[in-house]
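Below is one structure, written out as structure tokens; comments come after it.
The values are calculated or read from the model by the stated rules, or taken from the named source; none is laboratory data. Treat the numbers as computed from the prediction; the structure is a model and nothing was measured. Neighbour counts run over all protein chains shown; Cβ positions are idealised from the backbone, glycine included. Accessible surface areas use protein heavy atoms only, side chains included; no ligands, DNA or RNA. Shrake-Rupley method; radii C 1.70, N 1.55, O 1.52, S 1.80 Å.
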Amino acid sequence: MKKHGTSAPLPLNDTLSPGIPLDQIGQTLASFYDDLVSEGMPEHLAALVRRVRQTEDDRVAAAGPVAVAAETDPRRVALVVEDDPAIRALAETLLEETELDVVGCDSAEAALSVLQARGGDVALVFADVRLAGHMDGLQLARAVATLWPRARLVITSGHGLPRPEMPPEAVFIAKPWRPLDVLVEAERATSDPAPPVV
């Protein structure tokens with residue numbers, strides 16, 4: 001499949017998945033926001049929630065809910081988040097053999113930018129625990145589980161962690177991971193029904 005770098009602008013998706021209008025997503029994000037802040041959510045994640053909510057509200061107001069709900073983008077994305085360029089390139093090459101488009105990032109902050117732009121298209125987030133930037137892969141996993149619950153989460157680490165504390169729906173694969181394990185998770189991301197948005 002086609003590979004995207006984080007430097008190229010990505011088209012914005014106007015639904016979380018086909019048929020879920022952005023105003024519903026904005027309402028869901030708003031309901032999560034107060035809970036996340038009260039749980040001690042880092043301010044940069046709280047700011048992301050506010051930006052996503054404002055963008056959704058602006059887009060719905062400009063296009064109207066009927067126009068927004070009618071627009072869909074069938075391309076699905078695998079997001080590889082790894083600070084080691086060689087390992088990231090290996091995972092990207094492997095996932096390019098699936099039906100998913102692949103986007104690679106070296107930090108959680110870069111991954112959040114992609115998710116903000118294409119969150120509804122992201123079927124799989126494959127992230128290392130240790131990343132470049134201020135956030136680690138576990139913080140990213142918690143943000144994805146909260147804001148983009150339909151994405152399948154796969155967390156990986158080679159630092160002797162048996163299973164780090166992460167969202168219960170996330171899968172942990174220790175490094176060195178086997179290519180077959182990654183491909184199985186990619187297949188599950190595209191074939192298993194996504195959890196409902198609450």
Given the criteria touching a Lys or Arg at 6+ places or on another chain (Cβ under 9 Å), modelled with pLDDT of 90 or more and either assigned to a loop (DSSP other than H, G, I, E, B) or open to solvent by 40 Å² or more (accessible area, probe 1.4 Å) (or both), does ARG142 qualify? no
State all residues of the stretch 83-130 that are assigned to a loop (DSSP other than H, G, I, E, B) and among the basic types (Lys, Arg); if no residue qualifies, say none. ARG130
Among the numbered criteria (1) touching a residue at least 40 places away in the same chain (Cβ under 8 Å); (2) surrounded by fewer than 21 Cβ atoms within 10 Å (Cβ to Cβ), which single criterion is violated by CYS105? (2)
Just checking, does the stretch 64-78 include any residue being closer than 21 Å to ALA170 by Cβ, at pLDDT 55 or above, in a loop (DSSP other than H, G, I, E, B) and hydrophobic (A, V, I, L, M, F, W, C)? no
